[in-house]
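Just below is one structure, and these are the notes that go with it.
Just so you know, all these numbers are worked out from the coordinates, no wet-lab data involved. As the structure is a prediction and not an experimental result, all values here were calculated from the model. Quick reminder, even Gly has a Cβ in these numbers, built from the backbone with ideal geometry, and neighbours come from all protein chains shown.
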Amino acid sequence: MLTRVKSAVANFMGGMMAGGSNGDHPGGSDMPLKYPYSRPEFLGLSPDEIECSADHIARPILILKETKRLPWSTGYAEVINAGKSTLNEDQACCEVLVVKRRPAGSSTPNRTPLTRRRSSLPNGEGMGPRESDKLLYLTLHYWALFDGHAGSGVAVAASRLLHHHIALHLQEVTEILCTPNLLPPTCLGEEPINHHLTPTSQRALTRAASLRGAAGAPGSPSTPPTRFFTEKKVSHESLVIGAIENAFKDMDVQIEKEKAVYNISGGCTALVVVYLLGKLYVGNAGDSRAIIIRAGEVIPMSTEFTPESERRRLQFLAYMQPHLLGNEFTHLEFPRRVQRKEVGKRMLYRDFTMAGWAYKTIEDDDLKFPLIYGEGKKARVLATIGVTRGLGDHNLKVHDSNIYIKPFLSCCPEVKAYPLAQYEHEADDVLVLGTDGLWDVLSNQEVAEAVTCFLANCDPDDQHRYTMAAQDLVMRARGVLKDRGWRISNDRLGSGDDISVYIIPLMYGNKQN
């Protein structure tokens, strides 16, 4: 899989993976890669503009240029942090992709399963396949945000490659997805998909195939044994979700294998949206967030994964594999650090089996540092990292120790589906994606009210209204520089983090249908 991905993406990596694109390593591909400071290519920035965007004092807000409108008239805006890190570690990607169906009789995906179309075309016009080819292709729209930490290398790599992994996995099921009246076969290749069969006869074929293994049971050569199970019903929606989940895992494996060669530093959270066959699929691994605003109502489309929200998963892993704690940490949680003078006394605690709190007698083992320490945004896993899902971080260790943190970090996203085609959306109905720099200072309701109010004062036919709304949202979260730092409304502290925002109008999804 990884070899296919590398060969398929080499033509659009722009020399990035060759190791000499930034001029630091003229020797070519045998030299380690240092990712240059880069911004999403759909912004269409010149080198001078990219350099100016890294101003930590002024923190200029970047928006789309006139000639670089994204599909669906998507709005996008971003701003760099106020000195938290050297560069902007947020990355973004937006593409319209055409996935080719796997050739008949082939057991492996194509090396080039997708055609990458120019994201600068307005609203994705002309992106679809020709009329004669509609049965051979799937067209998908893709938006993604990647919030890097400890370097931007993983975020850059994921922004350039994750959608290709998704396309590879979708290619495996393209023929099934293009035949909505047929249930997915239990085993690919066991029975060919016959488009002339009725759904009933097709199900009979796959069920008959699944019973073949039992037909020759000893003692009853002519009569199959009693069947004690029924086949699980697998929906087409779950195939798309599975493709996205597997793509995240493949991306993480690729980063691990290639981080030494290409100097892919740090890690990143990932929030992706895929529009396919009338549905939006939102996959999240990290603490970025997506919400739908429909007729003024807020519909959450993601869940943040933090040390507190995933406490029980982390504690269970530590309980089952205590060696991962290096004899320095305890999987138990206490309201505060336990002191030696409290050994033998009873203190509040909880473990992975508990949602509430109870008392236990403190022992010497309880003096170890807790697996999860801190509260809210200050909570950390193994006193090191504040997110529990994402890509990368394979080399991350607890400070001054040999304890790896990666076993506790999951690359698997939570994927939620939204049946966009079932609703008729108005011009002000949008999907908002934002990195945590936005949500640290603004709530779901505050964002919804700000976007709704701004769009209400814009011309509904103005395709730039969503870009301006994204700019307004980033400005609200960044605030204004005052004597006491960046301040937002009511003199609250503004966000000092990188902030990246998409505003995606849903009515264009209805037009696609």
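Using a Förster radius of 22 Å, what is the FRET efficiency between E231 and L188 based on their Cβ-Cβ separation? Nearest 0.05, please.
Rounded to the nearest 0.05, the efficiency is 0.90.
Near G83: Cβ cut-off under 12 Å, other residues only, Lys/Arg at +1 and Asp/Glu at -1. The net charge is -1. Once Rg and the Kirkwood radius are both taken over the C-alpha atoms of segment 276-393, their ratio Rg/Rh works out to 1.10. Normalised by 2.2 N^0.38 Å, where N is the number of residues, the alpha-carbon radius of gyration of segment 340-415 equals 1.33. By the Stokes-Einstein formula, at 1.002 mPa s and 20 °C, segment 365-513 with its Kirkwood radius over alpha-carbon pairs has D equal to 115 µm²/s. Fully extending the segment from Q463 to K482, taken as 0.36 nm per residue of separation minus the present Cα-Cα distance, adds 3.5 nm. Segment 443-513 and segment 306-380 have Cα centres spaced 39 Å apart. Derived scalar couplings between HN and Hα for segment 163-178 equal 5, 6, 4, 4, 4, 4, 6, 5, 4, 5, 10, 4, 4, 5, 5, 7 Hz in order, rounded to whole Hz, by the Karplus curve 6.51 cos²θ - 1.76 cosθ + 1.60 (θ = phi - 60°), x for Gly and Pro. Under 5 Å from the amide H of T330 lie the amide H atoms of F369, L371, each residue being 5 or more positions distant or on a separate chain, with H modelled from the backbone and absent for Pro and chain starts.
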